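The values are calculated or read from the model by the stated rules, or taken from the named source; none is laboratory data. It should be emphasised that the depicted structure is a prediction, and the values quoted were computed from it without experimental measurement. Glycine gets a Cβ as well: all are built from the backbone with ideal geometry, and neighbour counts include every protein chain shown. Remember, those area values only see protein heavy atoms, side chains included, never the ligands or the DNA or RNA. Shrake-Rupley method; radii C 1.70, N 1.55, O 1.52, S 1.80 Å.
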Amino acid sequence: MFLLDDRLPTADGRRPIRTRPSAHAPYGFEEIGALEAYMDNYRGARTAVIVGAGVAGLTAATALARDGWQVEIAEVGPLETTSGGGLCLTGPSLRALDELGLADACLAEGYGMSTITHVDVNGEFAGEVRLPRLIGARRPATVGIARPALHRILHTEAERCGVVVRHGVTVAAVDQEGELVRVRLSDGTVRQVALLVGADGIRSSARSLLGLETSLDFHGQMVWRALVPRPLWATGIHQFAGKADTAGLVPLSARQAYVFLTENGVERSVLPDAELAPRLQQLLEAFPGRVEEIRSLVPLSESVVRRPVLTALLEGAWNRGNGVVIGDAAHAPAPQMASGAALAVEDGLVLARELGRHDSVGTGLQSFVGRRAQRCRTLVETSVAIAGLEQAQRHHEAYRLVDSCHRLMAEPA
């Protein structure tokens, strides 16, 4: 009889990783061998449906699958519709991804950075925030990465762990049946599972079906993003204070970056696609210095988007029976802290850890929410406070708050 040694690399050069809960690892997971993983599965498969194949859903699916769960993801959109924009994976994101063995893949696809440079309304240097390095002094503190690249890394790893990802379907109805959840999907199929996870974003349908209601709060800002060629001087995050708005640049790779602009004191509205690039260029005219170069790059962008700054925060429980919501479905911050992905990845890991520590799913979910609620509340409320300071033109106070919040988020999850 031959046993697979899971410490040997696979054909693609990667060593398969199997984990189990452990109090000694930062996120509570340690590697186990193939035979032990098989025996864990033999004791009885646990089943879960996750709604949403975004950062939170894919991370949770991978962490649960590695812990012996049989996981299916229902994602309403087709695989090809992943947004072409970019995002920041801050220190907590990288620390959590490193626990999954995925941080280096993200660093290879993205652009590593460790500073935020602030520039005042006159185009002069106004200070620098040195971000905490949470995955070692020789690796960067944060990484800018294109959303399709991050999605590909997470999606590939989830499927490698045995997760089934179904596109074009979502959840239509939910009924609690004792210790099981009966989930009817939009294609008419029904699942009876031990766990339902709603990871379908700020406008979560799973949240509503579980009877968990929250408001979506608009903060008088519209945020713009455009993919542009990376200027050679952009080796970190740059943020520019304007007399009315705030702008910035985030590298995503050696060749690409995204420019952002936060438009203050506006109502929610929708502009025709043809007007987006010209309007963004017009708004950037108010900024001096290097923003002029950024402004000249906007016509080269294949993707300009404009979205309202919305936040959501569930008060009280995030779970009902054996159903729970995570990521933006439970706590959606404003973009000012660039940490929504960090909370989402942490949620997925901590969810698997707490379920592994408790005999019942319900008790594990209560423990999960207890661990996560205050940390996520602090991030959301801080992001809203920073948005308010920006609108009041109190930029130096906003810089200090950003710095202190990043250091707070550096604490263990």
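Considering only His151, His358, His395, the mean-square fluctuation computed in a Gaussian network model of the chain, springs between alpha carbons under 10 angstrom, is largest for His358.
Beta bridges assigned by DSSP with both partners in the chain are antiparallel in approximately 70 percent of cases.
Rounded to the nearest 10 degrees, the inclination of helix 273-284 to the longest alpha-carbon principal axis of the chain is 60 degrees. When Rg and the Kirkwood radius Rh are both evaluated on Cα atoms of the range 342-413, their ratio Rg/Rh stands at 1.14.
Just checking the listed ones, Arg46, Arg139, Arg268: in the Gaussian network model of the chain with Cα springs under 10 Å, the one fluctuating most is Arg268.
When every alpha-carbon pair in the range 134-216 is counted, what percent end up more than 16 Å apart?
Within the range 134-216, distances greater than 16 Å cover 68 percent of Cα pairs.
Select from Ala277, Ala199, Ala96 the residue whose mean-square fluctuation is largest in a Gaussian network model of the chain (Cα-Cα springs shorter than 10 Å). For the chain, modelled as a Gaussian network with Cα springs under 10 Å, the answer is Ala277. Working from the Cα coordinates of the range 78-149, the gyration tensor eigenvalues give, after taking √(5λ), semi-axes of 25, 18, 8 Å in decreasing order.
With only alpha-carbon pairs counted, each pair once and no self-pairs, how large is the Kirkwood hydrodynamic radius of the range 225-379 in angstroms? Please list the in-between numbers first.
Details: mean 1/r = 0.0556 Å⁻¹.
18.0 Å is the Kirkwood radius here.
Tell me the angle of helix 55-66 to the major Cα principal axis of the chain, expressed in degrees between 0 and 90 and rounded to the nearest ten. Compared with the principal axis, the helix lies near 30 degrees. Taking the helices alone, the chain has a mean residue ellipticity at 222 nm of -10500 deg cm²/dmol, built from -39,500 (n - 2.57) per DSSP H run of at least 4 residues and averaged over all its residues.
Using a 1.4 Å probe on the protein chains only, how many percent of the accessible area of the chain belongs to carbon and sulfur?
Details: 9030 of 17870 Å².
The nonpolar share, carbon plus sulfur, comes to 51 percent.
At an R0 of 56 angstrom, the distance between the Cβ atoms of Gln176 and Phe125 translates into a FRET efficiency of 0.50. Solvent exposure of the chain, expressed per residue, is 43 Å² of accessible area, with all protein chains present and a 1.4 angstrom probe.
P(r) tail, the chain: Cα-Cα pairs separated by more than 35 Å, 27% of all pairs.
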